[in-house]
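Down below is the structure, laid out as structure tokens.
Please treat every number below as a calculation from the coordinates, not as lab data. Because the structure is predicted, anything quoted here is derived from the model rather than measured. In this analysis, Cβ positions are derived from the backbone assuming ideal geometry, glycine residues included, and neighbour counts consider all displayed protein chains.
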Amino acid sequence: MPALHAGSHRFSLAKPLIMGIVNVTPDSFSDGGRLPDVQAAIQHALKLREEGADILDVGGESTRPGAAAVPATEEICRVLPVIEALAGHGCVVSVDTMKPEVMRAALDAGAAMVNDVMALRAPGALEAVAASGAAVCLMHMLGAPQSMQQAPCYADVVDEVKQFLQGRVQACEAAGMGRERLVIDPGFGFGKTLEHNLALLRHLNCLAELNVPVLAGLSRKSMLGALTGRGVEAREFAGVAAHLAAVARGARLLRVHNVAAMRDALAIWNAVEEQQDGT
Ligand code: HH2
């Protein structure tokens with residue numbers, strides 16, 4: 001059974017892990033504006049941990065389609081006090097950033113994982129993470145957040161995403177990072193149409209073949225809205241179903257806003273799976 005090493009933390013991946021989303025952004029598409037200050041973000045994160053989050057993913061820059069870029073200094077000001085406080089409470093903290101400066105500051109402040117929607121392609125990002133003992137989530141994105149949803153096109157989306165992630169895994173290994181520190185993610189909604197997202201979800205087991213744990217991030221995403229007709233605030237049930245579909249195809253980490261709902265769903269899932277295995 002593969003394991004995940006994030007700094008000094010060790011996770012068995014026998015059961016799927018829950019990564020709770022903590023956005024410290026005024027413009028995030030789903031909970032932006034509701035967590036305007038550091039104390040509120042910390043309280044929200046601690047509640048997510050209480051509800052069952054294994055990892056807390058702290059982000060200071062929205063990556064929703066068309067979102068404005070945030071300077072590194074501003075992003076650091078947003079996330080650093082939250083990361084320091086959560087690490088001080090013994091939480092496993094991930095930093096959701098594309099910028100090497102932010103990665104370094106977050107790792108110094110106690111983050112044990114870097115979640116990068118650019119899969120460490122920014123100059124200096126690979127080196128920043130390799131030099132630490134942190135884990136990294138390598139996500140596929142076609143283009144940049146400002147333009148990624150403008151007519152994304154693939155010959156074979158599953159194969160192209162797989163090739164890309166395989167290349168990033170190899171780059172990390174060449175930089176000295178062991179596989180136990182790596183996680184891959186197809187990047188639902190990042191330069192993908194509804195059909196691309198569905199193909200990736202349907203064939204997620206193809207990514208699991210790379211022998212690196214797969215993370216699925218479907219929470220509140222527009223594909224759920226397209227399939228249910230629901231607004232961002234009313235996509236919780238759809239999100240749980242989508243994440244369980246991902247787990248059925250090998251996903252080992254789930255990045256979610258509603259940790260309590262996912263924890264309950266996984267309690268059922270895990271009980272059924274254990275019964276099946278006879279364990
Ligand atoms: N999705 C978002 C942000 N970061 N990271 C990974 N690894 N996978 C994802 O699917 C993913 C991600 C977008 O969701 P959210 O954080 O809710 O919104 P925003 O980017 O506006 O903060």
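Summarising the amide proton neighbourhood of GLY187: residues at separation of 5 or more, or on other chains, whose placed amide H is nearer than 5 Å comprise HIS140, GLY217. Under the simplified labelling scheme, the GLU209-ALA40 pair shows an inter-label distance of 4.6 nm, with each label point 7 Å from Cα along Cα→Cβ.
Taking the Cβ of LEU13 as the centre, find all other residues whose Cβ is under 11 Å away and add up their charges (Lys, Arg: +1; Asp, Glu: -1). Taking every other residue near LEU13 into account, the sum is +1. On the basis of the beta-carbon distance and an R0 of 22 Å, CYS153 and ARG121 show a calculated FRET efficiency of 0.65.
Taking amide H as placed 1.01 Å from N in the peptide plane, ALA6 has its amide H under 5 Å from the amide H of PHE11, each at least 5 places away in sequence or on another chain. One chain, two ends: ASN270 and LEU194. Fully extended at 0.36 nm per residue, the span grows by 24.5 nm beyond their Cα-Cα distance. Note on ALA234 and CYS77: the model spin-label points, each 7 Å out from Cα along the C-beta direction, lie 3.8 nm apart. The slack in the chain from GLN163 to ALA67, taken as 0.36 nm per residue of separation less the alpha-carbon distance, amounts to 31.8 nm. For the chain, the 222 nm mean residue ellipticity estimated from helices alone, with every DSSP H stretch of n ≥ 4 adding -39500 (n - 2.57) and the total spread over all residues, rounds to -13000 deg cm²/dmol.
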